[in-house]
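Enquirer: To start, I am sharing the structure in question, which I have written as structure tokens.
The values are calculated or read from the model by the stated rules, or taken from the named source; none is laboratory data. No experiment lies behind these values; they were computed from the predicted model shown. Please note: Cβ atoms are built from the backbone with ideal geometry, for glycine as well, and neighbour counts cover all protein chains shown.
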Amino acid sequence: MKRVCAWCNSQMEILRTDNKDSDGLVTHSICDDCADNLDFQMGVTLLRYLDSLKIPIIALDESGHIIAINDEAGKLHANTPVEIAANWRDKVFECASARLPEGCKRPVHCSACAIRIITADVYRTGKSQSNVPAHFNSSAADLNEKIDLLVSADKIEDIVFLRISRC
């Protein structure tokens with residue numbers, strides 16, 4: 001029996017059973033990536049989202065205080081004590097189009113999409129980005145006008161330093 005993701009149609013695994021009648025049958029579930037996407041649309045902590053990106057990221061607030069260090073960055077500096085500010089309580093949100101190859105094509109992205117796009121680009125190219133506008137979530141009334149955050153990133157050695165400023 002094949003197990004397939006009901007959202008993206010990717011094959012997850014083949015389930016072995018003793019029942020010969022189940023050969024060729026398909027059952028549906030949800031893969032980890034699609035489950036994350038659904039969670040991210042509802043909003044998650046900044047740290048949970050950064051951990052999903054699989055590149056080393058240290059996030060700073062507008063004052064330069066560290067607000068999150070994801071697992072990948074933590075592995076690089078495992079023995080370095082770091083004080084993390086507890087003042088970032090907002091959740092980040094991905095839009096429903098976040099995982100599509102073409103994305104949402106909006107000029108201002110939701111918070112998580114902006115963070116993912118910018119950190120991935122800075123990590124890949126090494127070119128800094130500054131003050132990219134974003135909004136907290138994709139349910140804002142006028143997404144093209146509403147700007148809640150400015151997102152910036154720099155790559156130093158192998159770590160992306162992400163700065164998030166509230167507007």
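Enquirer: Out of everything in the stretch 105-120 that is crowded, with 17+ Cβ neighbours inside 10 Å and not aliphatic (A, V, I, L, M), what residue ends up being modelled with the highest pLDDT?
Expert: Looking at residues that are crowded, with 17+ Cβ neighbours inside 10 Å and not aliphatic (A, V, I, L, M), I get Thr119.
Enquirer: Can you tell me which condition Gln129 does not meet? The list is (1) loosely packed, with under 15 Cβ neighbours inside 10 Å; (2) at pLDDT 95 or above; (3) more than 21 Å from Trp88 (Cα to Cα), and all the others hold.
Expert: Of everything listed in (1) loosely packed, with under 15 Cβ neighbours inside 10 Å; (2) at pLDDT 95 or above; (3) more than 21 Å from Trp88 (Cα to Cα), Gln129 misses just condition (1).
Enquirer: Yes or no: the stretch 47-58 includes at least one residue that is modelled with pLDDT of 90 or more, closer than 21 Å to Leu150 by Cβ and out of contact with any helix residue (DSSP H, G or I) (no Cβ under 7 Å at 6 or more places or on another chain).
Expert: yes
Enquirer: Right, here's the next one. Do we have Ile84 as modelled with pLDDT under 90 and either polar (S, T, N, Q) or within 19 Å of Ile159 (Cβ to Cβ) (or both) here?
Expert: Yes, satisfied.
Enquirer: Restricting to the stretch 43-62, count the residues that are hydroxyl-bearing (Ser, Thr, Tyr) and touching a Ser or Thr at 6+ places or on another chain (Cβ under 9 Å).
Expert: The qualifying residues number 1.
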